[in-house]
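> The structure's right below; bear with me while I get my questions together.
The values are calculated or read from the model by the stated rules, or taken from the named source; none is laboratory data. Please read all numbers here as calculations on a predicted model, not as lab measurements. No Cβ is skipped: glycine too gets one built from the backbone with ideal geometry, and neighbour counts run over all protein chains shown.
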Amino acid sequence: MSLSEKDLRIGNYVLAGKMTEPIQVHTIGFELREGSMINTHIPIEHIHPIPLSPEILDKCGFTWYDNDWYETKSKIHLSVELFTGYIYFGKGEYLYKAEIKYLHQLQNLYFALTGTELTYNTNQK
């Protein structure tokens, strides 16, 4: 998947270049200096999404139960099926589903639904 600046939010975790450890996005875009645009950060073509995996979901606080991953800290109930790539979300019964394959997509959806950031524990092994 190629990323666009529109796909990212401040706080998203991504991979950069050949790095194997996730980095957090702190700024997006260009800086204007003396009338010309200068890219002072990693070019978007060197940014790569982090595929969802059991390890990533665990670091986000999801729990494995009954063949699915669940997050129940928020008022929205989230269930992730890694096999299908779908996330189900809603209150009570599942109301909606979306295709989510990458950590930044999950972070963005979580923020849109709850108004809070999804915790990603980079120190957890």
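> I want to confirm something. Restricting to the stretch 72-85 and keeping residues that are under 15 Å from Y110 (Cβ atoms) and without any contact (Cβ under 8 Å) to a residue 40 or more places away in the chain, which single residue is surrounded by the most Cβ atoms within 10 Å (Cβ to Cβ)? Walk me through how you get there before you give the answer.
Pass one, the stretch 72-85, residues under 15 Å from Y110 (Cβ atoms): 72-80.
The next check asks that each one be without any contact (Cβ under 8 Å) to a residue 40 or more places away in the chain; those that pass are 72-73, 75-80.
Values: T72: 13, K73: 13, K75: 8, I76: 17, H77: 16, L78: 26, S79: 19, V80: 23.
This residue is L78.
> With respect to I76, is the statement that it is aliphatic (A, V, I, L, M) and either at pLDDT 80 or above or more than 21 Å from G115 (Cβ to Cβ) (or both) true? Even if it seems obvious, please write down each step before you answer.
On the way: aliphatic (A, V, I, L, M): yes; either at pLDDT 80 or above or more than 21 Å from G115 (Cβ to Cβ) (or both): no.
For I76, the condition - aliphatic (A, V, I, L, M) and either at pLDDT 80 or above or more than 21 Å from G115 (Cβ to Cβ) (or both) - is not met.
> Looking at the stretch 68-125, which of its residues are closer than 18 Å to R9 by Cα, β-branched (V, I, T) and out of contact with any strand residue (DSSP E or B) (no Cβ under 8 Å at 6 or more places or on another chain)?
If the condition is that a residue be closer than 18 Å to R9 by Cα, β-branched (V, I, T) and out of contact with any strand residue (DSSP E or B) (no Cβ under 8 Å at 6 or more places or on another chain), then T114, T116, T119 are the ones that fit.
> Could you tell me which numbered condition V25 fails, if it satisfies all but one of (1) closer than 15 Å to L106 by Cβ; (2) surrounded by 14 or more Cβ atoms within 10 Å (Cβ to Cβ); (3) at pLDDT 85 or above?
Here V25 clears every test but (3).
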